[in-house]
Amino acid sequence: MSSKKGHGDCTRCGARCCRYIVVEIEKPRTKIDREEIRWFLAHKNVLVYVDDDDKTWNVQFTTPCEHLDGEGRCRIYPGRYEICRDHDPATCEASDSESGDTIFFTTADFDRWWRNQQARRRRKRGAEARGKKR
Ligand code: SF4
């Protein structure tokens, strides 16, 4: 979240974290889960990612906060929302240039991942079945 008196880097990155909202979702396991994520990704300015740190799945809606001014500063900083207050400058994404998040921008990205997962599961089941026969 950006601030006038915050850690001072908000204008440098253009207050990136004030320009989207993120909602955590379940890791997709079923065809219904898959369809839901494909539906998310069919919308403009929406992406889905897996956080590299905690492995959570998230849907991100890229849309700027209406309290952001033209210079990337918060116009209501003293009265900003709790979620903005909770933001830890130490985890600022502007300094996190090596994020290893898995990002799905399109249904094609996600479909590729899903097919790979299915193939991996089939190989695992095959290996387990062969192991039981021995
Ligand atoms: S209220 Fe202020 S700090 Fe919170 S997202 Fe909006 S611009 Fe950023």
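Things to note:
- Within region 73-88, considering residues that are surrounded by 10 or more Cβ atoms within 10 Å (Cβ to Cβ) and under 18 Å from the mean Cα position of the chain (by Cα), the one nearest to the ligand (Cβ to nearest atom): Cys84
- A count restricted to region 56-69 and to residues that are away from the ligand (no atom under 12 Å from the Cβ) and not hydrophobic (A, V, I, L, M, F, W, C) stands at 4.
- Within region 92-134, the set of residues being assigned to a helix (DSSP H, G or I), out of contact with any Asp or Glu (no Cβ under 9 Å at 6 or more places or on another chain) and polar (S, T, N, Q) comprises Thr107, Asn116, Gln117, Gln118.
- Any hit, region 94-109, residues being within 16 Å of the ligand (Cβ to nearest atom), under 17 Å from the mean Cα position of the chain (by Cα), more than 19 Å from Glu26 (Cα to Cα) and touching a residue at least 12 places away in the same chain (Cβ under 8 Å): yes
- Checked against the criterion of being at pLDDT below 95 and within 21 Å of Ala94 (Cα to Cα), region 24-45 has no qualifying residue.
The values are calculated or read from the model by the stated rules, or taken from the named source; none is laboratory data. Keep in mind the model is a prediction, meaning the values are calculated, not measured. Cβ coordinates were reconstructed from backbone atoms using ideal geometry, including for glycine residues, and neighbour counts include every protein chain displayed.
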